[in-house]
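J.: Here it is: the structure, laid out below.
Taken together, the values in this text are just the output of simple stated rules run on the coordinates, not laboratory data. It should be emphasised that the depicted structure is a prediction, and the values quoted were computed from it without experimental measurement. Cβ coordinates were reconstructed from backbone atoms using ideal geometry, including for glycine residues, and neighbour counts include every protein chain displayed.
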Amino acid sequence: MDSPLLTKSKAFALRIIQVCNAVKREHRESVLTNQLLRSGTSIGANIREAFYGHSRADFAARLQIALKECSESEYWLELLIESGYYADASILHECVEIKKLLIASINTTKANMK
């Protein structure tokens, strides 16, 4: 299965793992990183699950969950960056890009359900 959402969300999850490990190693910070690790890796898992949904409604519901996890990840990334724990804001841009793809996919799916 070749989908930009699947590809980008998996690459994002791998990068989230690297970021969290680096912040834990360099700053001994675990509260924010544990939250980010959970939500950031959950995005791709929910997207993958959506592709095996029983219906379009199930597909849209899973994408909606992925969108919520993406929004939460965006928040944790903002906190890490703005607090000075992590300096590379490009990961935040990746998160926003995935969020935009999810919104577009959800809107398209809902429009096709009518």
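J.: I want to check the label-to-label distance for S30 and Y75. Put each point 7 Å from Cα in the C-beta direction and report it in nm to one decimal.
T.: Label at S30, label at Y75, 2.3 nm between them.
J.: Of all chymotrypsin sites (Phe, Trp or Tyr not before Pro) in the stretch 1-93, which ones are in loop regions per DSSP and have a Cβ with at most 12 other Cβ atoms within 10 Å?
T.: Taking the stretch 1-93 and a limit of 12 other Cβ atoms within 10 Å, the loop chymotrypsin sites (Phe, Trp or Tyr not before Pro) found are Y52.
J.: Taking K110 as the anchor, which lysines have their alpha carbon closer than 21 Å to its alpha carbon, excluding any fewer than eight residues away along the same chain?
T.: Within the straight-line limit of under 21 Å, K110 reaches these lysines: K68, K99, K100.
J.: Work out the P(r) tail for the chain: percent of alpha carbon pairs separated by more than 22 Å, whole number.
T.: The calculated P(r) of the chain puts 32 percent of pairs beyond 22 Å.
J.: Under a crude label model (7 Å from the Cα following the beta-carbon direction), how far is A11 from A87 in nanometres?
T.: Inter-label distance under the simple model: 2.4 nm.
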